[in-house]
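Readers should treat all values here as calculations from the given coordinates under stated rules, not as data from a laboratory. Values in this document were obtained by computation on a predicted structure and should not be read as measured data. Positions of Cβ are generated from backbone atoms using ideal geometry, with glycine treated the same way; all protein chains shown enter the neighbour counts.
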Amino acid sequence: MTKDKTDKYLPLTEATYYIMLALIEPLHGYGVMQKVEQISQGTVKVGPGTLYGVFATLEKEGLIIKVKEEDRRKCYALTDKGRRVLAMQIQRLEIMHANGATIRKNLLEPAADSL
Amino acid sequence: MEKKTVRKFKWFWAWQDEAEEDWLREMSNQGWHLSQIVFPTVYQFNAGDAQDYVYRLDYRSHWKMEKADYLQLFQDAGWEYLQEMAGWHYFRKLARQGEELEIYTDAESKIEKYQRLLAFLGILALPLFLSLINLSDPPYDWFSPIRVIILLIFMLYVYALVRILLRINQLKRI
């Protein structure tokens, strides 16, 4: 397996993570904005300034690629490298989540020293 | 009906983009909508019904091809493009319930905007700095009028850079 430094991109920002998730299928910019808001249940919105910058960076780094054009709108999709980076990010998130899940219920009870 | 226009002179420093956005919104709320920036500091407004337009300024330079993609994204997100002036792009949108009114929705991308501005101002400051430290003119006089003027402009640049750096720091999260 070719070793390219995919971990240098990690951790992804929340916006970048969701934008890459959305690009599991080819989408144009506006489609990405709508999908991110929808799948994040409204917790993440991506404005056009933010999206343009993330697209430019991801494309430059070869994590996404233009696949087609639909009425003047460019459609992007993940490259193989992009898919690997996203998979690693998801693994990180799983570890983060597992760590949090074990102590979450304790957090909702008063701390021992406050008694 | 004759279209009423008015021109206003107003000075904003490079680090005051948000103050400029607020001022343009206030003008629209009073029924004066930005129609053109004739020259930096000279704003032209058209009279109309008072509207709550939100203005956003982006700082970016790009190639012609890329600009079409860039503007398409903003247009799809409901932003009207007004114009570019000295690297700043002016957008506006009616503030309505449920509308996203930010073009930058996270701290990281907002910081990048100010970093681009910083890089540009830094490049401009360099020739000024070089002309300041240029000691080659034989009647070496620190207080020649031209040198004092350059020094003042240079100090202003340094102040601008510091203000933008502080803005970036403010945007950084814990």
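For helix B:145-171, report the angle its Cα long axis makes with the longest principal axis of the Cα atoms of chain B; keep it between 0 and 90° and round to the nearest 10°. Roughly 50 degrees, rounded to the nearest 10.
When each of the peptides A:40-49, B:120-129 is scored by the mean number of other C-beta atoms lying within 10 Å of its residues, the order from highest to lowest reads A:40-49, B:120-129. Within straight-line reach of B:Lys8, meaning a Cα separation under 26 Å, sit the following lysines at least 8 residues removed in sequence or on another chain: B:Lys93.
Between Rg and the Kirkwood Rh of the range B:1-101, both from Cα atoms, what is the Rg to Rh ratio? Each step should come with its number before you reach the end.
Numbers: Rg = 13.8 Å, Rh = 14.3 Å.
Answer for the range B:1-101: 0.96.
How high is the FRET efficiency between B:Arg173 and A:Arg92 when r is their beta carbon distance and R₀ equals 30 Å, given to the nearest 0.05?
About 0.95, to the nearest 0.05.
Taking a straight Cα-Cα cut-off under 17 Å and skipping sequence neighbours fewer than 8 places away in the same chain, the lysines within cross-link reach of A:Lys8 are A:Lys60, A:Lys81. Excluding same-chain neighbours fewer than eight residues apart, the aspartates and glutamates reachable from B:Lys3 by a Cα-Cα span under 13 Å are B:Asp49. Against chain A, whose longest principal axis is taken from its Cα atoms, helix A:48-60 shows a tilt of about 70°. Over all other residues within a Cβ to Cβ distance under 11 Å of A:Arg72, the charged ones net out to -3, with Lys and Arg as +1 and Asp and Glu as -1. From least to most packed, judged by other beta carbons within 10 angstrom and beginning with the fewest, A:Arg73, B:Arg173, B:Arg92 follow the order B:Arg173, A:Arg73, B:Arg92. Could you tally the net charge around B:Asn46, taking each other residue with its Cβ under 10 Å from the Cβ of B:Asn46, Lys/Arg +1 and Asp/Glu -1? Residues near B:Asn46 contribute +2 overall.
Can you tell me the relative contact order of chain B? Whole percent, Cα pairs under 8 Å, sequence separation 6 or more. Worked out over chain B, it gives 18 percent. Per-residue extension of 0.36 nm, minus the Cα-Cα distance of B:Ala86 and B:Ile133, leaves a gain of 14.1 nm for this segment.
Largest first, the extents of the alpha carbon coordinates of the protein assembly as shown on the three principal axes equal 71, 63, 57 Å.
Sorted from greatest to least, the principal axis extents spanned by the alpha carbons of the range A:27-77 come out as 27, 24, 17 Å.
Kirkwood's formula applied to the C-alpha pairs of chain A gives a hydrodynamic radius of 15.8 angstrom. Pairs from the table (B:Lys67/B:Lys113; A:Lys35/A:Lys74; A:Lys74/B:Lys113) lying more than 18 angstrom apart at Cα are A:Lys74/B:Lys113. Reducing the range B:43-97 and the range A:11-69 to their Cα centroids gives an inter-centroid distance of 21 Å.
As a footprinting exposure proxy, order B:Lys3, A:Lys68, B:Lys113, A:Lys74 by other Cβ within 10 Å, with the fewest listed first.
Ranked by crowding around the Cβ, least crowded first: B:Lys3, A:Lys68, A:Lys74, B:Lys113.
Working note: Cα atoms of chain B, range along each principal axis, descending, whole Å: 64, 46, 34.
Please list the three semi-axes, largest first and in whole Å, of the ellipsoid equivalent to the range A:52-104, using sqrt of 5 times the eigenvalues of its alpha carbon gyration tensor.
Equivalent ellipsoid of the range A:52-104: 31, 11, 9 Å, largest first.
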